[in-house]
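Structure record follows, encoded as C-alpha cells.
The values are calculated or read from the model by the stated rules, or taken from the named source; none is laboratory data. The model shown is predicted, which means the values in this text are computed figures rather than measured ones. Because the Cβ atoms are built from the backbone with ideal geometry, glycine has one as well, and the counts that use them run over all protein chains shown.
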Amino acid sequence: MNLKVEETGKVVLIVVKEERLDAHNSEELKKELARLFDEGKTRVVVDLKDVRFIDSSGLGSLVSGFKNASARQAELKLSSLQSQVKSMFELTRLHRVFDIYTTIDEAIEAF
Amino acid sequence: MKNNQIDLQITVPNQTRYLSLVGKISEELTSQVQNYDGDLDALANHINVVLTEALVNAIRHANSDNPDEEVQIRIIVMEHEILLQVFDHGKGFDLDTVLHNPVDTINELEDHGRGLYIIRSLMDSVNYRKIDGGNVLEMRKKF
C-alpha cells in the first residue's frame, strides 16, 4: 500500500495514495496507525483525497486507529473525503464518530 | 438471452488481490443500466462495494482464506434488476443472525462486522443457501 507519511510540528499526516482502501490493503494502514500511536504521536490526520472506494475493512482500519488514539488521549482526524467515500461513512454512521474536514489544512488547524 | 440482458461469469483465485478487478468489472457493467432514475455513478459504486463485501466473506470466512480455492461470481444485469451471485466451496457461514439484526444494533466502534450490514443496506434482497458442492450468496437490486 502506498502511504505518504509526513511530520509537521506536532502533527503526523498520512496521505493514502491509493484509489481503493479495501480488505486487500487496509491492514497496512491499520498497522501504520498503531505504530504511530505506540510511538507516542498524539495528533494524526489521515487524508483520503485519492481514495474513491472504501469497504468495511477500510472503515475498520480507521475505526481501529480511532480507538487506538482514544485509548492514549491522542486524536485522529480525517480529511478530503470523496462523495462515494463519505456516503459509506454515512451509511455506517461513522460520520458521527470521526472528525472529518474538507482539507488537510482545516484538519491540522482544528487540533 | 433476453434483449439487453448481460450475464457475466467470472472465476478468480480465493485471494483479496482480485477484489479491485472484480469490483471494476461490476462498476462497468452497472454503467450499462438504462432504466435507472437515480445517480448511476452512485449505483455503480454501491454494486462495487456490495460485491467486494460478498467476495471478502467468501474468501475469508466461507473458504477459510485458502489461496488454492476459487470463488465464482455471476453478475446479471436485467432490464429492471441487477443480480449478483457469489459461489463458495467452503463450510459456509451463518448469514441469518446478521441479516435478522435490526439496523440500529450496528456497533459504531467495532473494527469488524459491517460487511453484511452494508450488503443488506444497499440491496433489496439477500439470501445465502447451500447448493451442490458449496453455497451461494444472492443479492438483488431492483430499479
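Among the residues of the range A:66-82, write down those that are more than 13 Å from chain B (Cβ to nearest Cβ), over 18 Å from A:V51 (Cβ atoms) and within 12 Å of the chain's Cα centre (by Cα). Selection gives A:E75 alone. Only a single item in (1) loosely packed, with under 15 Cβ neighbours inside 10 Å; (2) in a helix (DSSP H, G or I) is not met by A:Q73, and it is number (2). Just one of the listed residues (A:V51, A:V63) is surrounded by 21 or more Cβ atoms within 10 Å (Cβ to Cβ), out of contact with any strand residue (DSSP E or B) (no Cβ under 9 Å at 6 or more places or on another chain) and either within 14 Å of chain B (Cβ to nearest Cβ) or modelled with pLDDT of 95 or more (or both), and it is A:V63.
Output the number of residues of the range A:3-42 satisfying the condition of being more than 30 Å from B:G23 (Cα to Cα) and part of a loop (DSSP other than H, G, I, E, B). Lay out the reasoning, then the answer.
So in the range A:3-42, the residues more than 30 Å from B:G23 (Cα to Cα) come out as A:6-12, A:35-42.
With the extra rule that they be part of a loop (DSSP other than H, G, I, E, B), the set shrinks to A:9-10, A:39-42.
Result for the range A:3-42: 6.
Among the residues of the range B:90-113, are any within 16 Å of the chain's Cα centre (by Cα) and modelled with pLDDT of 90 or more? No: the range B:90-113 contains no residue that is within 16 Å of the chain's Cα centre (by Cα) and modelled with pLDDT of 90 or more.
Per this entry, A:S56 is not counted among residues that are free of Cβ contacts under 8 Å to residues at least 24 places away in the same chain and within 14 Å of another protein chain (Cβ to nearest Cβ). Considering A:E32, A:E90, A:E39, A:E19, the condition of being away from chain B (no Cβ under 14 Å) and surrounded by fewer than 18 Cβ atoms within 10 Å (Cβ to Cβ) is satisfied by A:E39 alone. Out of the residues in the range B:49-89 that are outside any loop (DSSP other than H, G, I, E, B), within 14 Å of chain A (Cβ to nearest Cβ) and not aliphatic (A, V, I, L, M), state the one that is nearest to B:E27 (Cα to Cα). Within the range B:49-89, the match that is nearest to B:E27 (Cα to Cα) is B:T52.
Within the group A:V45, A:V85, which residue is more than 9 Å from chain B (Cβ to nearest Cβ), assigned to a strand (DSSP E or B) and in contact (Cβ under 8 Å) with a residue 12 or more places away in the chain?
Details: A:V85 fails: assigned to a strand (DSSP E or B).
Answer to the check: A:V45.
Please go through the range B:29-48 and pick out each residue that is within 19 Å of A:G58 (Cα to Cα) and within 10 Å of chain A (Cβ to nearest Cβ). Before the answer, list the steps.
Applying the first criterion (within 19 Å of A:G58 (Cα to Cα)) to the range B:29-48 yields B:42, B:44-48.
Once the filter is applied, which keeps residues that are within 19 Å of A:G58 (Cα to Cα) and within 10 Å of chain A (Cβ to nearest Cβ), the range B:29-48 yields B:A42, B:A44, B:N45, B:H46, B:N48.
Taking (1) at pLDDT 90 or above; (2) loosely packed, with under 13 Cβ neighbours inside 10 Å in turn, B:S121 satisfies each apart from (2).
Within the range B:111-133, can you find the residues that are part of a loop (DSSP other than H, G, I, E, B) and either on the phi > 0 side of the Ramachandran plot or at the interface with another protein chain (Cβ under 7 Å from one of its Cβ atoms) (or both)? First the steps, then the outcome.
Residues of the range B:111-133 part of a loop (DSSP other than H, G, I, E, B): B:111-114, B:123-124, B:132-133.
Matches in the range B:111-133: B:D111, B:H112, B:G113, B:R114, B:G133.
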